[in-house]
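The structure appears below as structure tokens.
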Amino acid sequence: MSSLIKGTTLSNTEVRTEAKAAREPQPYWNPYLAGLGLGLVLLAAFVIMGRGLGASGAFSSLVAVGVDAVAPAHANANDFYAEYIGDGTKSPLKDWLVFEVLGVFVGGFISGLFANRVTKVVERGPNISSAGRLTFAFIGGGLMGIGAKLARGCTSGQALTGGALFNVGSWAFMMMVFGGAYAAAYFVRRQWQ
Amino acid sequence: MNAPFFKYGLFGDDVSLVIAFIIGIGFGFFLERAGFGSSKKLAAQFYFTDLTVFKVMFTGIITAMVGVYYLSAIGFVDLSLVYLTPTFLLPQVVGGLILGVGFVVGGYCPGTSCVAASTGRIDGMVYLLGVIFGIFVFGEAFPLVSNFYVSTPMGQITLPQISGLPYGLLVFLVVLMALGGFAGAEWVEKKMAAKKAGA
Amino acid sequence: MKKLFTNLSLNKKLALFVFVLGFLALFAGSPYKGTELKVDASEMAMIVQKEVDHVASDELAGWIIQGKADYRLLDLRNETNFGEYHIPTAENMQLTALKEAQLGRNEKIVLYSDGGIHSAQAWFLLKAEGYKGVYILRGGLEEWKDNILFPRLADNASPVEVAAFEKTRLLSKFFGGTAQVGGAAETATPKMALPKLESPTGAQPKAAAGKKKKEGC
């Protein structure tokens, strides 16, 4: 582009700089516009399906299928797994949430691709190693898995969906999520700052 | 009334799975647009330096809330057919606390970790493994916690129902609260940026 | 005023827009319009007159024997009566529980009670709520007993009728009833014992179990 303005041919370094600029990660969207988009997607789910979004439920199905494959008797005797395995009339992976979450992977990738934000990296603050960060990530994920099952959902299903529908449990849940996160933030600040 | 379309039998289970996939794409797309593929950005919410999480979440909530309210009020959507997760107050409160801790420790929530994983974040992928492990632990421990799991049931209940206030009034109040929150968030972010620059 | 508006940043424009929507919500009324009933009187009258809303007992018997799972049969009587005897594949449901039952709007729903009154009332309620596939079992349980469980062959039946009755006899046997031959129609039918429910058709339609769609997250 700049060559058109300058009206001259570019040197090698200039070409490389320009190409690099094109591959730089784009700035994020205006958060309110992103939120608007998110809200419209949620609204579409309400209008088309009569249900909201979710994420943790898909992983519950995955875990249930896994346990069922390894130890079917144990899985079917356990009320929690049994609910996800169903009564055998159809595969538990032919579940709305499973397909939705697959879409989330794809949608995230597409957006990242267009914005040059797909890079192999371990996100962390300057004062912690990759190994340390990954350990925290695993622990955090574990806690999240337990919390999401207790609460019957995570931020997508409970906070977003339930929030928009004025669900009492969801609002209580949402407040506790923020509360718990702020309370714990001090103790893991080394990870991020 | 002819919406929600699925509940009126306009299409079957198989088509609904395709729709799930498409809706998921939209969901993941906007999450990533907002920058939620990055745990650093997500966690910054809890250190007050970047309040995008609050802004995006609540903009999403009020958009869908106002949208579904008006579509129901004109009779296009039958709100009673939109699924409302039953409330179990105590487990949801405790679960929320645990989830909040997991959020700031892990740096993601399940939805955003999918987006992170698909854009190459290794910590996102490890986080997902953690989520699967956590669910497994929960599943195995389920017989022990099942009593707690179903305690304090309140059924499918909404804030308008429990407060007795008209639905439309609550919509207005939540919109006000959100707008006030956004203004506050902008102010806090500016202050934190100035503090950082001055430090 | 217009200049003031266009000078606002995008964020402020969005905020203003959503504020206006929120404010108008104060006046837009209840989103639960579903508690009011809308009845298209002429459409209803036509349906009733043409009797397209009826399912005959032998038709239903045929569906059950074939093991069809595309309908829901609702028994509107109380639990005790339901427990004593109910038509195979039926689910017990009181009128007040109909709304919460999450019945599909386009699902085939067949209602029955002892005679026809409760099923007719339930039919009206459901039709007014927008359920499209509601039917009444013609004659209710009484006609089911007369036609299917305890069919009667008159004394002076013609050979054609006698031949046809054989089929009816088999039908009756399938459902655990007993066919009756002869006896004047005027004499009071001895109180026949209702068949014990050992599910003559085999399993209840599995559809009932599979229908529990998970919609949580």
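Here are a few things to note about the model shown:
- Cα pair distances in the range C:34-150, grouped into 5 Å bins until the bin that holds the longest one, percent each: 2, 11, 23, 26, 21, 11, 5, 1, 0
- Its residue count N fixes a reference of 2.2 N^0.38 Å for chain B, and the Cα radius of gyration divided by that reference is 1.20.
- Other protein chain C-beta atoms within 10 Å of residue C-beta, averaged over C:137-144: 0.
- Net charge of the neighbourhood of C:Asn11, taken over other residues with C-beta under 14 Å away and scored Lys/Arg +1, Asp/Glu -1, is +2.
- Per-pair calculated FRET efficiency, R0 = 45 Å: C:Gln180 and B:Phe148 via Cβ, rounded to 0.05: 0.15
- For chain A, lysine pairs with C-alpha atoms less than 25 angstrom apart, excluding pairs fewer than eight positions apart on the same chain, total 4.
- For residues of B:185-198, the mean tally of beta carbons on other chains within 10 Å: 0
- Relative contact order, percent, the range A:60-149 [alpha-carbon distance under 8 Å, six or more residues apart]: 17
- Volume of the Cα convex hull of the range A:88-193, divided per residue and given in Å³: 163
- Across the range B:1-90, the mean sequence separation of Cα contacts (distance under 8 Å, 6 or more residues apart), normalised by length, yields a relative contact order of 38 percent.
- Residues with amide H under 5 Å from that of C:His54, placed H, sequence gap 5 or more: C:Ile136
- Mean Cβ count within 10 Å, highest first, over the residues of peptides B:137-143, A:138-144, C:139-145, C:113-119: A:138-144, C:139-145, C:113-119, B:137-143
- At R0 = 22 Å, FRET efficiency that the Cβ-Cβ distance of C:Ser30 and C:Lys108 yields, to 0.05: 0.10
- FRET efficiency for the C:Ala157 to B:Phe11 pair, using the beta carbon distance and R₀ = 56 Å, is estimated at 0.65.
- Normalised alpha carbon radius of gyration of the protein assembly as shown [divisor 2.2 N^0.38 Å]: 1.19
- For the range A:33-46, Karplus couplings with θ = phi - 60° (6.51, -1.76, 1.60), whole Hz, Gly/Pro x: 5, 4, x, 4, x, 4, x, 5, 4, 4, 4, 4, 4, 4
- Number of Lys pairs (Cα under 20 Å; 8 or more positions apart or on different chains) in chain B: 12
- Cut-off under 5 Å, modelled amide H: who pairs with C:Val110 long-range: C:Arg72, C:Leu73, C:Leu74, C:Tyr135
- The mean number of Cβ atoms from other chains found within 10 Å of a Cβ in peptide A:75-84 is 3, as a whole number.
No lab work stands behind these numbers, since they all come straight from the coordinates. Note that the structure is a prediction, hence the values are computed from the model and not measured. Cβ coordinates were reconstructed from backbone atoms using ideal geometry, including for glycine residues, and neighbour counts include every protein chain displayed.
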